[in-house]
């Protein structure tokens, strides 16, 4: 690849498509006006997602980034369009699932910090004891999980602030553990109160076989909902997070020769190797947003005039 060759390829960039050209009209037809018997489920899903990105740009009056799109779809109730509303719920389910993984990762990091407090590491029994003891200072630690979950209103819970604390630098791992616990309770109660969201999760996030999803974890909590919060979370940290990490890391080592263990086991004791920072997954929203910018439908002010014309008065 040379600079000269890159210059020759410049005209094929989406941003170089001429306004009013047949090529642009074809893109708009394929991506935003997918109809008829030839349209596949994937076509309809892609079209709905692109329109939801445009709705986010309209609402924010700016060029949204992927997280802005996700939070807008997570917090919105309806767009007045059945196709968009169905796709919005799918994005909400995805975000809930990702949020659950962020919370679990924060609990894993806390466990790793506990391991690192001793040069010789900790046994699983010692980890159980430390987690249980330190959770005891939290409000609601001795309530039944079902009572604790119902005490959190999923409509008023500040999900974005919780996400920010879990993924940010401020706060200790121990403080973030309670942020994770309250976020998990809010997410589970949100799903419990929303039949449409629950149905989408059962259909698309079943967690079959060895796979895990927010649905498998929620079912585990339901099965143990009568346990006190700190008993339940202690069991969850050890049985569903630490042992799960060890199993997944072993599969990666066997199949990919990739060493991803965050702790080592020596004489029955777990020794911390590395820390772990919760990171959100990255669905292919950024390329979609960039494409909408390149074809002149989104700019720094949100929707362009052409996008409004293309989508009609609803835009």
Fill in the blank from the handout: A chain fully extended from residue 277 to residue 258 at 0.36 nm per residue, minus the present Cα-Cα distance, gains in nm 5.0 nm
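What is the order of 30, 13, fewest Cβ neighbours within 10 Å to most? Provide the component values of the computation, followed by the final result.
Numbers: 30 13, 13 9.
Result, fewest neighbours first: 13, 30.
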Exercise for the section: Take the alpha-carbon centre of the stretch 169-201, take the same for the stretch 251-315, and report the distance between them in whole Å. Expected result: 20
Handout entry: Packing-based order for 227-237, 55-65, using average beta carbon neighbours within 10 Å, highest first
Key = 227-237, 55-65
Handout entry: Rg and Dmax of the chain, Cα atoms only, in Å
Key = 23.2, 71
Exercise for the section: Report the FRET efficiency, 1/(1 + (r/R0)^6), for residue 208 and residue 75, where r is their Cβ-Cβ distance and R0 is 35 Å, rounded to 0.05. Expected result: 0.70
Exercise for the section: Throw me the Rg/Rh for the stretch 86-230, computed over C-alpha atoms with Kirkwood Rh, two decimals. Expected result: 0.98
Practice task
On a 0 to 90° scale, report how tilted helix 41-60 is relative to the longest principal axis of the chain, with both axes built from alpha carbons and the result rounded to the nearest 10.
Solution key: 90
Exercise for the section: Mind checking the full-extension length gain between residue 39 and residue 243? Use 0.36 nm per residue of separation minus the Cα-Cα distance, one decimal, nm. Expected result: 69.0 nm
Handout entry: Protection proxy ranking, peptides 266-272, 248-254, average beta carbon neighbours within 10 Å, highest first
Key = 266-272, 248-254
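All of the numbers you see were taken from the coordinates with simple rules; none came from a lab. Given the structure is predicted, the values throughout are model-derived calculations rather than measurements. Please note: Cβ atoms are built from the backbone with ideal geometry, for glycine as well, and neighbour counts cover all protein chains shown.
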